[in-house]
1. Quick check on PRO27: is it surrounded by fewer than 16 Cβ atoms within 10 Å (Cβ to Cβ) and outside the structural domain of GLY107 (by TED's automatic domain parsing)?
2. Tell me which residues, restricted to region 103-112, are out of contact with any Ser or Thr (no Cβ under 7 Å at 6 or more places or on another chain) and at pLDDT 90 or above.
3. Exactly one condition in (1) out of contact with any strand residue (DSSP E or B) (no Cβ under 7 Å at 6 or more places or on another chain); (2) touching a residue at least 12 places away in the same chain (Cβ under 8 Å); (3) not hydroxyl-bearing (Ser, Thr, Tyr) is false for VAL49; which is it?
4. Does any residue of region 32-39 turn out to be under 15 Å from SER96 (Cα atoms) and in contact with a Lys or Arg (Cβ under 8 Å, 6 or more places away or on another chain)?
5. Take ASP93 and decide whether it is on the phi < 0 side of the Ramachandran plot and at pLDDT below 95.
6. Of all residues being farther than 21 Å from ASP93 by Cβ and hydroxyl-bearing (Ser, Thr, Tyr) in region 118-147, which is modelled with the lowest pLDDT? Just the residue, please.
7. If the requirement is being of a type in the set (Lys, Arg) and at pLDDT below 80, which of these qualifies: LYS166, LYS154, LYS150, LYS115?
8. For region 33-55, does any single residue satisfy the condition of being hydroxyl-bearing (Ser, Thr, Tyr), surrounded by fewer than 20 Cβ atoms within 10 Å (Cβ to Cβ) and at pLDDT below 95?
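The values are calculated or read from the model by the stated rules, or taken from the named source; none is laboratory data. Only a predicted model underlies this, so the values are computations on that prediction, with no experimental measurement involved. We place every Cβ from the backbone using ideal geometry, glycine too, and count neighbours over all the protein chains shown.
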Amino acid sequence: MPVGSQMSIEKEKILHILERVTDPEIPVLTIQDMGIIRDVIIENHKIIVVITPTYSGCPAMSAISMAIRMELLSEGYPDVEIKEIFSPAWTTDWMSESGKQKLKEYGIAPPVVEKRISGLLFQEAPEVPCPRCSSTDTVMISEFGSTACKALMKCNSCLEPFDYFKCHR
């Protein structure tokens with residue numbers, strides 16, 4: 001197995017391969033855009049990919065794990081282990097800026113960092129710009145949208161509904 005800089009080159013190669021793995025719920029985002037890859041460890045001939053779910057119980061994680069395994073297998077890495085870690089908990093701060101832009105272009109409002117939805121019962125909803133017309137005259141219709149990590153919003157300017165990728169911290 002490679003040592004030192006060779007190990008670093010191999011890790012970079014694996015990370016490059018993993019750029020092809022997309023989120024099954026939001027296919028315009030890669031798992032690297034999402035920031036769920038925490039590490040790649042090379043032990044002998046085994047590749048260990050360490051990932052953190054966006055939230056515990058996320059149904060997409062089994063599909064993501066399988067996609068990681070299949071991509072690496074197709075590139076000649078037969079011994080792959082996927083290790084899920086829950087601490088530290090995933091945060092939208094780990095999302096790439098390009099990933100947030102991809103969300104907006106896809107019609108999903110990216111997380112609003114200034115005001116976070118923290119789950120308090122009577123907390124005011126964040127000011128979320130509409131991904132279609134950029135108006136901030138929006139209202140939350142439901143705390144949960146098409147998936148548990150998104151809220152359903154409506155723009156009062158263009159009257160279009162849209163998903164908002166909720167902040168997690």
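1. On the way: surrounded by fewer than 16 Cβ atoms within 10 Å (Cβ to Cβ): yes; outside the structural domain of GLY107 (by TED's automatic domain parsing): yes.
Answer is yes for this residue.
2. Start the filter on region 103-112 by keeping residues that are out of contact with any Ser or Thr (no Cβ under 7 Å at 6 or more places or on another chain), which leaves 103-110, 112.
Correct list: LEU103, LYS104, GLU105, TYR106, GLY107, ILE108, ALA109, PRO110.
3. Status for VAL49: all satisfied but (1).
4. So in region 32-39, the residues under 15 Å from SER96 (Cα atoms) come out as 32-38.
Next, from what is left, pick out any that are in contact with a Lys or Arg (Cβ under 8 Å, 6 or more places away or on another chain): 33.
Checking region 32-39: at least one residue is under 15 Å from SER96 (Cα atoms) and in contact with a Lys or Arg (Cβ under 8 Å, 6 or more places away or on another chain).
5. Numbers: on the phi < 0 side of the Ramachandran plot: yes; at pLDDT below 95: yes.
Here the answer is yes, as ASP93 does meet what is asked.
6. Per the stated criteria, the residue is SER146.
7. Values: LYS166 fails: at pLDDT below 80; LYS154 fails: at pLDDT below 80; LYS150 fails: at pLDDT below 80.
Residue meeting the stated conditions: LYS115.
8. Just the residues of region 33-55 that are hydroxyl-bearing (Ser, Thr, Tyr), to begin with: 52, 54-55.
When the remaining residues are screened for being surrounded by fewer than 20 Cβ atoms within 10 Å (Cβ to Cβ), the result is 55.
Add one more test, that the residue is at pLDDT below 95, and what stays is 55.
Yes, there is a match, as at least one residue in region 33-55 is hydroxyl-bearing (Ser, Thr, Tyr), surrounded by fewer than 20 Cβ atoms within 10 Å (Cβ to Cβ) and at pLDDT below 95.
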